[in-house]
Structures are given as C-alpha cells and as structure tokens.
1. Divide, for chain A, the radius of gyration over alpha carbons by 2.2 N^0.38 Å, where N is the residue count.
2. Determine the shielding of peptide B:126-135 by partner chains: average, over its residues, the number of Cβ atoms on other chains within 10 angstrom of each Cβ.
3. When DSSP assigns beta bridges and you keep just the ones with both residues in the stretch A:1-152, what percent turn out antiparallel, to the nearest 5?
4. Using the number of other C-beta atoms within 10 angstrom as an exposure proxy, rank B:126, A:81 with the fewest first.
5. Could you tell me how many degrees, from 0 to 90 and to the nearest 10, lie between the Cα long axis of helix B:201-210 and the main elongation axis, the longest principal axis, of the Cα atoms of chain B?
6. So if I restrict to the alpha-carbon atoms in the stretch B:148-209, what is the Rg, and what is Dmax, the biggest pairwise distance, in Å?
7. Arrange the following residues from fewest to most other Cβ atoms within 10 Å of their Cβ: A:42, A:62.
8. Within a 10 angstrom radius of each residue's Cβ in B:188-196, how many Cβ atoms of other chains show up on average? Whole number is fine.
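Please treat every number below as a calculation from the coordinates, not as lab data. A quick note: this is a predicted structure, and the numbers were derived from the prediction, not measured. So basically every Cβ, Gly included, is an ideal-geometry build from the backbone, and we count neighbours across all protein chains shown.
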C-alpha cells in the first residue's frame with residue numbers, strides 16, 4: 001500500500017529457511033494477501049513440464065542463451081542444480097522496483113548472497129527458523145516417508161542452510177504459523193515505509209512546505 | 001513480544017513530527033497497546049507542578065546537578081527551553097535496552113540528532129507528516145483559538161521541523177489515524193525482529209544445530 005500519491009521504489013523480499021521451517025507456506029500467504037508483491041520468475045535450461053507456463057513458472061531458454069545471459073551480466077544470481085541451470089533475470093525485477101512493485105524470492109543462502117552483491121539496498125532478507133530441532137526433524141520426517149539415512153541427509157542440508165542465519169536482516173522463529181505470517185507481512189509493510197524507499201517524499205514535503 | 005526465550009536487546013523508538021501531525025496521539029496509542037515499551041522520563045530543572053510525580057513525569061533536579069550530569073556525559077541529549085533545562089538520562093535507557101524493553105521518545109529533530117550521535121544502532125527514528133498543508137494549518141488553528149499571527153509563527157516552526165524529515169529511518173503520512181497507528185506499531189514490531197536486536201539467537205541456533 002503506497003502512501004497517498006507518494007511514489008515509492010519496490011523492494012526485493014528474500015525468504016530463506018531450512019526445508020521444513022514453513023518458508024513456502026509463508027511465501028504463499030504473502031502472495032495471496034498482498035496485491036503489490038509478486039514471485040520472481042526464474043530463467044531455466046531444464047525442459048518445460050506438462051502444465052507449466054512460459055513466463056509464469058519459468059522462462060525456458062537453451063543452454064546457449066543462458067550462457068549469453070550470464071556473460072552479459074543479465075542475471076542477478078544463478079546456480080546449477082543437477083544437470084540444469086537456473087537464474088534470476090535482472091530486467092523484470094528492475095522494472096518492478098521502478099514501478100513501485102515488490103518481488104518475492106524463495107531462495108537459499110547461496111542465492112541470497114549473490115543477490116546481496118547485485119542489489120544491496122533494494123534487498124530485505126528474512127530468515128525463518130524452526131522453533132526446535134525436534135520440530136525440524138519431525139517436519140523433515142513426516143514430509144516424506146523416507147529412511148533414517150535420507151532424513152539424516154536432509155538434516156545435514158538443513159544445518160548447512162541454518163548456519164547462514166546471521167547473513168539476514170530479520171530472523172523469525174516459526175513457532176506459531178499465524179504469528180509468523182503476521183510477522184512476515186509486518187516486515188514487508190514496514191520496509192515500504194522506509195524513507196529511502198519513498199523517492200516521492202521530497203516532492204510531497206515540498207508541496208506541504210510551499211503550499212502548492 | 002520476544003520470540004520464545006530468545007534474548008533480545010531493546011530499542012529506542014523516536015517519534016518526531018511538526019505540531020499538529022498527530023504525534024502525541026500515536027505515541028499514546030503505542031504505549032497503551034504494547035506492554036514492552038515505556039516513555040522515556042526526562043530530567044529537568046524546572047519546578048515540579050501540582051500533580052506531577054518524581055520519576056514518572058520527570059526527574060526533578062537542581063541546575064547544579066543538571067550541570068554535573070552534562071559534564072559527566074550522563075545525558076543522551078539535552079536542551080534549554082525558555083529558562084529551564086531538559087535532558088534524557090542515559091542510565092535508565094541503557095538498563096531498559098539491556099533487559100529487552102523498548103523506550104519511546106517524543107522529541108524534535110534537535111533531540112533526535114543528539115540521540116543519533118549518542119546511540120546510533122539502538123535507534124529507530126520515525127517521522128510523521130500531515131497529509132497536506134491545508135490539514136496542518138487547520139489542525140494548528142483549531143487547536144488553539146489564536147490570532148493569524150500566532151498561527152503563522154506555529155506554521156514557521158512546523159516548517160522548520162518538517163525540513164528535517166530526511167534524517168529519519170521511516171516516514172509515515174498520517175492521512176488516516178487508524179492506519180497510521182497500525183503502521184507505527186508495525187514498525188516497532190518488525191524492528192524487534194531484526195537479527196541484530198536478538199543477541200540470544202546465536203545460542204538458539206546452536207541448540208537447533210547441536211540438538212541440545
């Protein structure tokens with residue numbers, strides 16, 4: 001919600017957490033409840049799957065085009081996952097920010113680090129922690145009916161993600177989903193009120209002072 | 001509201017605005033609705049008035065003692081208003097912050113500048129703007145049934161205060177009091193979730209990672 005007619009610059013809202021801490025639920029809740037933030041759409045070299053929509057789920061490109069985008073510095077961050085490449089095109093994000101719309105990123109600490117390098121001031125980084133180790137283990141276990149070994153592997157990955165908590169601006173402990181939803185929403189709304197995200201304020205104040 | 005048992009450091013919440021922009025109403029609403037923030041109590045050399053309570057309204061001191069406090073660097077900010085001195089004692093504020101309680105400051109730009117020098121990172125500075133010059137004039141006029149000249153003097157003072165809006169972290173335009181109340185509250189609650197205001201997180205994360 002922009003204030004009156006004051007022009008604002010959008011922000012890049014990063015949610016990271018170990019798997020099983022509720023990040024996806026919180027991201028969905030944010031997108032559904034707020035008309036001014038949309039999910040970042042990644043570019044990928046993996047083949048389109050049935051039901052996926054170009055420009056909505058992903059921008060699908062060839063490996064060659066992906067390489068060109070990297071070389072031209074057109075990606076804010078990128079990573080290789082198994083055999084395929086994924087990245088965040090800078091253009092659509094910059095367009096959104098300039099128009100006062102926010103962009104949500106559901107990414108891991110590696111992506112967050114790259115975004116920080118590429119877009120420091122526009123970034124708001126929120127880390128979601130589980131309320132206890134036990135809760136985390138239960139969530140990782142319930143989620144997939146897998147062997148103890150597989151769960152241990154997931155736990156190691158979760159520990160790796162958690163180890164980067166101190167690189168984030170805000171840290172929410174997701175002990176109660178409704179409270180956590182309110183907190184995530186509150187951070188987004190407050191960050192929009194930051195002076196430096198409201199470039200239109202200078203003109204607004206001028207009007208008040210000069211009575212025009 | 002602290003998260004679980006995670007130890008947090010309190011913050012200094014500064015509200016500034018020109019007279020007539022709703023600052024006092026917003027401050028009162030914040031104090032009434034939140035059990036973890038209290039108003040800063042100033043020290044003053046002016047005589048106690050009937051009904052005032054030592055340590056609640058002010059700490060009343062002699063001019064000599066006030067001078068000693070200044071010399072000992074025991075005040076976070078101080079100012080002379082007409083014939084009397086006013087200041088913010090550092091001790092009670094530091095105690096509150098260390099115990100995870102927040103302190104509210106209803107001060108002007110000069111006090112805010114001094115606090116910034118004394119306590120940078122603990123400070124959250126919010127500036128309240130009126131929605132228009134007309135609203136500001138109406139509020140300044142309705143408030144006291146004074147002459148046009150007196151109102152013009154107040155307007156000049158308001159303009160002086162407004163000219164410092166860019167020294168604040170957040171700027172709220174108070175066009176709708178209920179929305180502004182929610183925004184002020186939201187900023188306070190979000191700032192509490194900042195990683196650096198939760199020194200207990202390092203231990204908390206250690207417990208999650210090591211399962212203790």
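1. On the way: Rg = 19.1 Å, N = 212, 2.2 N^0.38 = 16.8 Å.
So chain A has a normalised radius of gyration of 1.14.
2. Numbers: counts 3, 3, 0, 7, 1, 4, 5, 6, 2, 1.
The shielding value for this peptide is 3.
3. On the way: 8 of 24 bridges.
Bridges in the stretch A:1-152 are about 35 percent antiparallel.
4. Numbers: B:126 25, A:81 9.
Fewest to most other Cβ atoms nearby, the residues stand as A:81, B:126.
5. So the helix axis and the longest Cα principal axis differ by about 20 degrees.
6. 19.5, 67
7. Values: A:42 20, A:62 9.
Taking fewest neighbouring Cβ atoms as first place, the list is A:62, A:42.
8. On the way: counts 2, 5, 14, 3, 3, 11, 5, 10, 4.
If you average over the peptide's residues, the count of other-chain Cβ atoms is 6.
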